[in-house]
Amino acid sequence: MSWAALLGLLLALLLLLLLLSRRRARRPGEPPLDLGSIPWLGHALEFGRDAASFLTRMKEKHGDIFTVLVGGRYVTVLLDPHSYDTVVWEQRTRLDFHPYAIFLMERIFDLQLPNFNPSEEKARMKPMLMHRDLQALTEATYTNLRTVLLGDSTEAAGGWRETGLLDFAYSSLLRAGYLTLYGVEATPRTSESQAQDRVHSADVFHTFRQLDLLLPKLARGSLSVGDKDHACSVKGRLWKLLSPAQLATRADRSSWLESYMRHLEEMGVSEDMQARALVLQLWATQGNMGPTAFWLLLFLLKNPEALEAVHEELKRVVWQAEQPVSQMPTLPQKVLDSMPVLDSALNETLRLTAAPFITREVMADLALPMADGREFSLRRGDRLLLFPFLSPQKDPEIYTEPEVFKYNRFLNPDGSEKKDFYKDGKRLKNYNMPWGAGHNQCLGKSYAINSIKQFVVLLLSHFELRLGSEDTEVPEFDLSRYGFGLMQPEEDVPIRYRVRL
């Protein structure tokens with residue numbers, strides 16, 4: 001092909017893209033429309049580079065509802081927390097999360113399930129993660145955290161060790177979670193089997209972590225050739241580690257795993273696809289707990305007053321339990337529920353660092369009523385996006401000094417949980433949304449909270465923990481993680497730790 005012909009083809013493609021991106025005009029009653037300056041791509045580059053900054057700028061320009069063009073898709077963004085309930089409880093025939101979830105499931109995890117029904121699957125999992133079996137999961141997590149954190153007496157003893165705080169927190173919680181849900185080496189447990197559990201779970205974590213680091217690029221389809229080869233290799237390794245054949249040899253497998261694998265078999269899913277589904281579930285159940293614990297511990301270490309308040313609360317709760325933590329085979333739920341200071345610090349951590357996108361596909365032309373009485377028309381085929389990280393979580397009208405960690409922000413003067421927050425003079429129902437909301441609220445919320453709190457209690461009870469240096473700064477976010485749950489730091493934070501003598 002000649003250069004003239006090639007140039008003509010490129011100009012024709014550019015004209016086509018221009019026509020595709022500009023053919024849409026705002027209709028009466030629709031939100032403000034911002035197409036950006038690049039044909040078809042629209043605002044895709046800016047959105048992908050730093051979604052929070054971009055959406056903040058759009059809000060300043062257009063208000064709390066607007067539609068933007070992002071890579072050929074029209075996305076309506078709603079940032080009024082008073083109006084969120086209208087979206088999150090809307091019936092699936094009008095606003096549906098499932099198509100986007102299935103798209104990500106296939107793109108990130110190479111997973112295709114026949115007759116997949118997320119609502120039915122959630123209904124099956126709910127008793128295991130929220131009600132009937134939650135206590136058993138909590139107790140098993142405590143046992144496995146002790147295995148991972150403390151090791152045997154010889155391994156646990158010694159002087160100061162150095163590591164990265166994110167690696168330490170993420171590794172500890174994911175390994176304990178893996179052993180809890182997917183089973184241990186043998187029962188009854190021996191020092192030898194526990195040592196094998198530590199080695200095996202470390203292998204699972206380090207392999208999983210390599211996939212986790214690639215996740216934003218996988219979701220956006222922006223892997224380089226080298227990244228694609230690496231992702232293929234890592235996925236293959238994880239599929240082997242979590243294959244039904246490998247898991248069949250594990251002892252004390254959770255009721256959650258037994259139920260889920262039975263469900264996959266009933267659907268006629270092949271063993272290869274079962275392994276992929278189990279990798280997805282490892283990420284879904286464990287992928288946010290470690291980063292949450294990282295930020296919580298970092299904020300506590302950077303705020304001596306907050307750390308002291310949590311320590312004092314722990315002493316009080318343990319004193320009331322009349323038994324040292326070191327002698328407790330489990331942490332009773334009543335103990336975990338008696339830590340309002342730690343709860344507040346955790347909620348404040350989540351407010352500052354949880355940044356999921358809450359998305360719905362618009363399944364039919366509809367009118368979206370706003371809390372202030374306005375109404376906007378949405379088009380079938382568009383996507384609706386809520387971003388609670390900006391509002392309510394970082395809204396200065398709702399939270400004074402919203403960028404500052406205040407461990408007691410969610411405490412009333414009498415020590416009870418503070419739930420009264422206001423915007424535009426009206427009390428907010430949705431004032432902090434790290435777990436999602438409505439039909440798609442996270443089923444594992446209670447399990448995750450219990451796990452994180454147990455980890456912090458064990459750490460503060462058994463370890464001395466210090467930042468690598470007094471002038472350690474809180475790192476910036478890895479901006480590519482917006483939309484995927486908990487933010488992760490651009491770089492890890494050095495710490496030193498040792499077992500208390």
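The values are calculated or read from the model by the stated rules, or taken from the named source; none is laboratory data. Since the model is a prediction, treat every value here as computed from it, not as a measurement. Heads up, the Cβs are rebuilt from the backbone with ideal geometry, glycines too, and the neighbour counts pull from every protein chain shown.
A few comments on the model shown:
- For first residues located in segment 432-453 and more than 19 Å from Leu174 (Cβ to Cβ) and assigned to a loop (DSSP other than H, G, I, E, B), partners that are among the charged types (D, E, K, R) and modelled with pLDDT of 95 or more and lie 6+ apart or on another chain with Cβ distances below 6 Å form the pairs Asn432/Arg351.
- Enumeration of residues in segment 482-491 that are buried (at least 20 other Cβ atoms within 10 Å of the Cβ) and over 11 Å from Pro291 (Cα atoms): Tyr482, Gly483, Phe484
- Criterion violated by Asp133 - all others in (1) under 25 Å from Leu486 (Cβ atoms); (2) surrounded by 19 or more Cβ atoms within 10 Å (Cβ to Cβ) satisfied: (2)
- Unmet criterion (only one of (1) over 19 Å from the mean Cα position of the chain (by Cα); (2) closer than 29 Å to Gln210 by Cα; (3) of a type in the set (A, V, I, L, M); (4) part of a helix (DSSP H, G or I)) for Val87: (2)
For (1) without any contact (Cβ under 8 Å) to a residue 24 or more places away in the chain; (2) part of a loop (DSSP other than H, G, I, E, B); (3) closer than 24 Å to Trp283 by Cα; (4) among the basic types (Lys, Arg), each residue gets a yes or a no:
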residue: Phe455; (1), (2), (3), (4): no, no, yes, no
residue: Leu458; (1), (2), (3), (4): no, no, yes, no
residue: Ser461; (1), (2), (3), (4): no, no, no, no
residue: Leu465; (1), (2), (3), (4): no, no, no, no
residue: Thr472; (1), (2), (3), (4): no, yes, no, no
residue: Arg496; (1), (2), (3), (4): no, no, no, yes
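- Scope segment 64-83; condition part of a helix (DSSP H, G or I) and in contact with a Lys or Arg (Cβ under 8 Å, 6 or more places away or on another chain); matching residues: Pro81, His82
- Remark: Arg94 falls outside the filter, which requires a residue to be assigned by TED's automatic domain parsing to the domain that holds Tyr178 and touching a strand residue (DSSP E or B) at 6+ places or on another chain (Cβ under 7 Å).
- Of all the listed residues (Pro392, Pro388), the sole one being crowded, with 19+ Cβ neighbours inside 10 Å and closer than 30 Å to Pro127 by Cβ is Pro388.
- Test: residue in segment 421-431 that is outside any loop (DSSP other than H, G, I, E, B) and either touching a strand residue (DSSP E or B) at 6+ places or on another chain (Cβ under 6 Å) or surrounded by 15 or more Cβ atoms within 10 Å (Cβ to Cβ) (or both): yes
- Some residue of segment 415-430 being of a type in the set (Phe, Trp, Tyr) and touching a helix residue (DSSP H, G or I) at 6+ places or on another chain (Cβ under 8 Å): no
- Reported count of residues in segment 34-63, each being among the acidic types (Asp, Glu), part of a helix (DSSP H, G or I) and out of contact with any Phe, Trp or Tyr (no Cβ under 6 Å at 6 or more places or on another chain), is 1.
- Pairing residues of segment 234-250 that are closer than 10 Å to Tyr182 by Cα with residues that are small (Gly, Ala, Ser) and in a helix (DSSP H, G or I), at Cβ distances under 7 Å and at least 6 apart in sequence or on separate chains, gives Leu242/Ala275.
- For Pro304, the conditions (1) surrounded by fewer than 15 Cβ atoms within 10 Å (Cβ to Cβ); (2) out of contact with any Pro (no Cβ under 6 Å at 6 or more places or on another chain); (3) more than 30 Å from Glu491 (Cβ to Cβ) are fulfilled apart from (3).
- Failed item, numbered, when Ser172 is tested on (1) hydroxyl-bearing (Ser, Thr, Tyr); (2) surrounded by fewer than 20 Cβ atoms within 10 Å (Cβ to Cβ); (3) closer than 21 Å to Leu134 by Cα: (2)
- Residue in segment 281-291 that is over 30 Å from Leu411 (Cα atoms) and exposed (fewer than 13 other Cβ atoms within 10 Å of the Cβ) present: no
- Any pair with Cβ under 7 angstrom, 6 or more apart, that starts in segment 308-331 at a residue that is among the small types (Gly, Ala, Ser) and ends at one that is modelled with pLDDT of 90 or more and outside any helix (DSSP H, G or I): Ala309/Tyr407
- Evaluation of Ala186 against (1) part of a loop (DSSP other than H, G, I, E, B); (2) out of contact with any Ser or Thr (no Cβ under 6 Å at 6 or more places or on another chain) (one fails), failing number: (2)
- Candidate set: segment 188-221, residues that are in contact with a helix residue (DSSP H, G or I) (Cβ under 8 Å, 6 or more places away or on another chain) and among the hydroxyl-bearing types (Ser, Thr, Tyr); chosen: the one nearest to Leu479 (Cα to Cα): Thr207
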